[in-house]
Amino acid sequence: MSESTFKTLIYEIPEAGIARIRLNRPERANAQDTELLYELNEAFDRAAHDNEVRVIILAAEGKHFSAGHDLGETDSAAAMARHRTVGTMCGFGCAGAEAQMAREEEIYTGFCERWRNIPKPTIAAVQGKCIAGGLMLAWPCDLIIASDDASFADPVVSFGVGGVEWFHHVYELGTRKAKEILFTGDSISAADALQLGMVARVVPRDDLQEATLGMARKIASKSRFALKMTKLAINGVADAGGRDVAMQNAFHLHQLAHTHNLKVFSMLIDPTGLPEATRKAMAARLAAQQQQQQSS
Ligand code: ZN
């Protein structure tokens, strides 16, 4: 097994033809800060550019696949400034909605679209909780294998936003189920996700990595170019139905929600739906930032 380690994830070749990326912030339930998302993008690129790799697995260390975006990140602007290599949108460092939209176009919708369109099969191995931004790591993958303790949720309507940035819910769940889980904030169990067709297999937790490798092995035995053409053909079906336009529409509404919340609550989300401890921590951080701005 060859291995090279990023700061927030592990990149490895567990066997010939298969690359595996493991999110490695288990102490934060693999919450995604800016650095992790750029590293993940780089790791996907590495696997995509390696002609020996035919299948890419995205897995996660620890109890949970991903708790979503890291609301505790304190210096996202510095992390953006270190990278900003992918998007072509301007607006970094500008004021107001322009900067926020540029950031989210780059590290959220931009990355998710790139990962969805990697011309090689990708498989997510999901255990524990996969919440909000966590969906934006699992959903861009072509197949999802879940452990029997996995659950999936996008509860952000409680925070005054109409769903995560990469609004793929309808394509994953169908219209009515998408409305139900967004309106209620309820999570979907692994068994329900299997029934909905969102996940390909549900396996015991201890078998998750081996089951994922087994499926990757089977796919890796096929022609690389045939796999690419198959993926392009299937992804093209949703795109022919206007998926990209629908996704853009949802993303623009998401930006409107952030702008509204900034005006009303002085933060990107409505904090009334957050647990009290998180709400207090965010308020304290906001106050410290404002004090810093006033004194500089
Ligand atoms: Zn957002």
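The values are calculated or read from the model by the stated rules, or taken from the named source; none is laboratory data. Please read all numbers here as calculations on a predicted model, not as lab measurements. Using ideal geometry, Cβ is built from the backbone for each residue, glycine included, and neighbour counts are taken over all protein chains shown. We work out accessible area using only protein heavy atoms, side chains counted, and drop any ligands, DNA or RNA first. Shrake-Rupley method; radii C 1.70, N 1.55, O 1.52, S 1.80 Å.
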Restricting the search to the stretch 251-267, which residues are within 15 Å of the ligand (Cβ to nearest atom) and modelled with pLDDT under 90? 267
Picking from 208, 256, which residue would you name as being out of contact with any strand residue (DSSP E or B) (no Cβ under 8 Å at 6 or more places or on another chain) and either open to solvent by less than 60 Å² (accessible area, probe 1.4 Å) or closer than 27 Å to residue 105 by Cα (or both)? 256
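For the stretch 148-205, how many residues meet the condition of being of a type in the set (Val, Ile, Thr) and without any contact (Cβ under 8 Å) to a residue 24 or more places away in the chain?
Restricting attention to the stretch 148-205, the residues satisfying the condition of being of a type in the set (Val, Ile, Thr) are 156-157, 161, 164, 170, 175, 181, 184, 188, 199, 202-203.
Okay, now just the ones that are also without any contact (Cβ under 8 Å) to a residue 24 or more places away in the chain, so 175, 184.
Counting residues in the stretch 148-205 that are of a type in the set (Val, Ile, Thr) and without any contact (Cβ under 8 Å) to a residue 24 or more places away in the chain gives 2.
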Quick check on this structure: which one of 45, 33, 50 is within 21 Å of residue 109 (Cα to Cα) and surrounded by fewer than 16 Cβ atoms within 10 Å (Cβ to Cβ)? 45
Residue 248 is checked against (1) open to solvent by less than 80 Å² (accessible area, probe 1.4 Å); (2) within 16 Å of the ligand (Cβ to nearest atom) and fails just one. What number does that condition carry? (1)
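Of the residues that make up the stretch 114-135, is at least one without any contact (Cβ under 8 Å) to a residue 24 or more places away in the chain, open to solvent by 60 Å² or more (accessible area, probe 1.4 Å) and over 24 Å from residue 158 (Cα atoms)?
Going residue by residue through the stretch 114-135, those that are without any contact (Cβ under 8 Å) to a residue 24 or more places away in the chain are none.
Checked the stretch 114-135: no residue is without any contact (Cβ under 8 Å) to a residue 24 or more places away in the chain, open to solvent by 60 Å² or more (accessible area, probe 1.4 Å) and over 24 Å from residue 158 (Cα atoms).
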Residues of the stretch 13-30 that turn out to be open to solvent by 40 Å² or more (accessible area, probe 1.4 Å), among the polar types (S, T, N, Q) and in contact (Cβ under 8 Å) with a residue 60 or more places away in the chain, as a count: 0
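Would you point out which residue out of 236, 242 is on the phi > 0 side of the Ramachandran plot, away from the ligand (no atom under 16 Å from the Cβ), open to solvent by less than 50 Å² (accessible area, probe 1.4 Å) and modelled with pLDDT of 95 or more? Break it down into steps so the answer makes sense when it comes.
Values: 236 fails: on the phi > 0 side of the Ramachandran plot.
Result of the check over 236, 242: 242.
Applying the selection to the stretch 19-36, what residues are more than 26 Å from residue 81 (Cβ to Cβ) and either under 12 Å from the mean Cα position of the chain (by Cα) or in a loop (DSSP other than H, G, I, E, B) (or both)? Spell out the reasoning first.
Of the residues in the stretch 19-36, the ones more than 26 Å from residue 81 (Cβ to Cβ) are 19-20, 22, 26, 29.
Scanning the stretch 19-36 gives a single hit, 29.
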Subset of the stretch 1-12 (residues that are over 24 Å from residue 78 (Cα atoms) and open to solvent by less than 60 Å² (accessible area, probe 1.4 Å)): 4, 11, 12
Only one of (1) open to solvent by less than 80 Å² (accessible area, probe 1.4 Å); (2) assigned to a loop (DSSP other than H, G, I, E, B) fails for residue 222. Which number is that? (1)
Please find, among 50, 45, the residue that is among the acidic types (Asp, Glu) and farther than 23 Å from residue 218 by Cβ. 45
